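Peer 1: Have a look at the structure that comes next, please.
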Amino acid sequence: MTRDDDKRRAPSLDNDILTIEEVAAYLRLTPQTIYKWAQQKRIPAAKLGKEWRFRKSIVDRWLDEQILIAASGFEHLKEQTER
């Protein structure tokens, strides 16, 4: 077995397109939560056939937005980044 074989078998979070399971692991949530949020359009996702896919860069931006909204208590950080 080569190193390339290992890379193909193990899901990599460096990959730009993620599955529900990979997003769940990345955000430390359950796949069921990610699935429900994708159906409810609470997290940016695309349904390709029967499968949900997520672009990591968009999930990262979405997470930043979630942290900076007023209800999070971190809105003051948003003001500092806009200066």
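The values are calculated or read from the model by the stated rules, or taken from the named source; none is laboratory data. Owing to the predicted nature of the structure, the values given are computational and were not obtained by experimental measurement. Just so you know, the surface numbers come from the protein's heavy atoms only, side chains and all, with ligands and any DNA or RNA stripped out. Shrake-Rupley method; radii C 1.70, N 1.55, O 1.52, S 1.80 Å.
Peer 1: Sort 67, 20 from largest to smallest accessible area, using a 1.4 Å probe on the heavy atoms of the protein chains.
Peer 2: 67, 20
Peer 1: Using a 1.4 angstrom probe on the protein heavy atoms only, line up 65, 75 by accessible area, largest first.
Peer 2: Descending order: 65, 75.
Peer 1: A further question on this structure: Would you tell me the accessible area of residue 47, worked out with a 1.4 angstrom probe on the heavy atoms of the protein chains, in Å² to the nearest 10?
Peer 2: 110
Peer 1: On to the next question. Express in nm, to one decimal, how much length is gained between residue 55 and residue 30 on full extension, taking 0.36 nm for each residue of separation and deducting their alpha carbon distance.
Peer 2: The span from residue 55 to residue 30 would gain 7.2 nm if fully extended.
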